[in-house]
Amino acid sequence: LQYFQLCCCSDNKIIGFICGTRTNNFREECMTTHDPLGSLLAIHSVVVTQEYRRQGVATEMMKQYLEHAQQRQNDNNNISSIILLAKENLLGFYVKCGFRVNCPSPIMHGDDLWYELEKVIRCKKEETESWFCKTEQFKRPYLEVKPYLEEHKEWMVRLRNQEGRCITSGYRVDNQGKPGGGGLMFLAAKNYEEALSIVLQDPLIVNDCVEWTLNGWNSQIGDIELR
């Protein structure tokens, strides 16, 4: 029951559930079998009773389910991706939950076309990747930069949730917790060129808000792990 989640209301009435199994190959056969060592977590059903639909229940269920899967990955459970099938009318919902649409699925259920969606789970850099560090300072007044800070945050969320990038960003503060030390980003990439191509998409850089520098990071003691 590791990948079966119930949702109950205040009087313990069951109003929804999500279920899934693990597999190494997303095929029709995985709908009825479970491989406890599979690297893929296949979600088969996301169900909410009629009277509780369109109230945010499915979104909250999915949020908690994904957090649980992420925690299992953090505990070295080796889940690399969460995958599912959905009809066209539900693609927007799953994209908002952090999934990306891969392709029309060859798996058939009835006459309707189904689409394969995926959410990559990743906290550690790949063996073929290295760490890179971007530092930055505002070059324009804060009020001019502020709108692009929100774009920057949305961009970061997309990189992490939809592209599975191992990346984090924030800003440095003084001993009073006040900002002013500048921004700091860590990301994993295969080489400097790949890291640079990612960084150049940052809305803060695209809109000429910051002076910045990108460097590689060679760890001497310990290592970096992102969550």
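For P106, the conditions (1) part of a helix (DSSP H, G or I); (2) without any contact (Cβ under 8 Å) to a residue 12 or more places away in the chain; (3) of a type outside the set (D, E) all hold with the exception of (1). Within region 1-33, the residues that satisfy the criterion of being in contact with a Phe, Trp or Tyr (Cβ under 8 Å, 6 or more places away or on another chain) and either at pLDDT 85 or above or open to solvent by 40 Å² or more (accessible area, probe 1.4 Å) (or both) are F4, L6, I15, G16, F17, I18, C19, G20, T21, R22. Among the residues of region 172-183, those identified as within 12 Å of E136 (Cα to Cα) and either open to solvent by less than 60 Å² (accessible area, probe 1.4 Å) or at pLDDT 95 or above (or both) are G181, G182, G183. Suppose we filter Y142, Y171, Y148 for residues that are over 14 Å from the mean Cα position of the chain (by Cα) and in contact (Cβ under 8 Å) with a residue 40 or more places away in the chain; which single one remains? Result of the check over Y142, Y171, Y148: Y148. Looking at E163, E151, E116, just one residue is over 23 Å from Y65 (Cα atoms) and among the charged types (D, E, K, R), and that residue is E151.
In region 186-207, is there at least one residue being in contact with an Asp or Glu (Cβ under 8 Å, 6 or more places away or on another chain) and open to solvent by 60 Å² or more (accessible area, probe 1.4 Å)? Scanning region 186-207, I find at least one residue that is in contact with an Asp or Glu (Cβ under 8 Å, 6 or more places away or on another chain) and open to solvent by 60 Å² or more (accessible area, probe 1.4 Å), so the answer is yes. I want to confirm something. Restricting to region 208-227 and keeping residues that are touching a helix residue (DSSP H, G or I) at 6+ places or on another chain (Cβ under 8 Å) and part of a loop (DSSP other than H, G, I, E, B), which single residue is least open to solvent (accessible area, probe 1.4 Å)? For region 208-227, the residue satisfying everything is C209. Just one of the listed residues (K190, K134) is within 18 Å of W217 (Cβ to Cβ), among the basic types (K, R) and in contact with a Phe, Trp or Tyr (Cβ under 8 Å, 6 or more places away or on another chain), namely K134.
Which residue is nearest to the chain's Cα centre (by Cα), if the candidates are limited to region 183-223 and must be among the small types (G, A, S) and closer than 13 Å to C133 by Cα? Filtering first and then ranking leaves A188.
The values are calculated or read from the model by the stated rules, or taken from the named source; none is laboratory data. Quantities reported herein were computed from a predicted structural model and do not represent experimental measurements. Note that we place each Cβ from the backbone using ideal geometry, even for glycine, and neighbour counts take in every protein chain shown. Remember, those area values only see protein heavy atoms, side chains included, never the ligands or the DNA or RNA. Shrake-Rupley method; radii C 1.70, N 1.55, O 1.52, S 1.80 Å.
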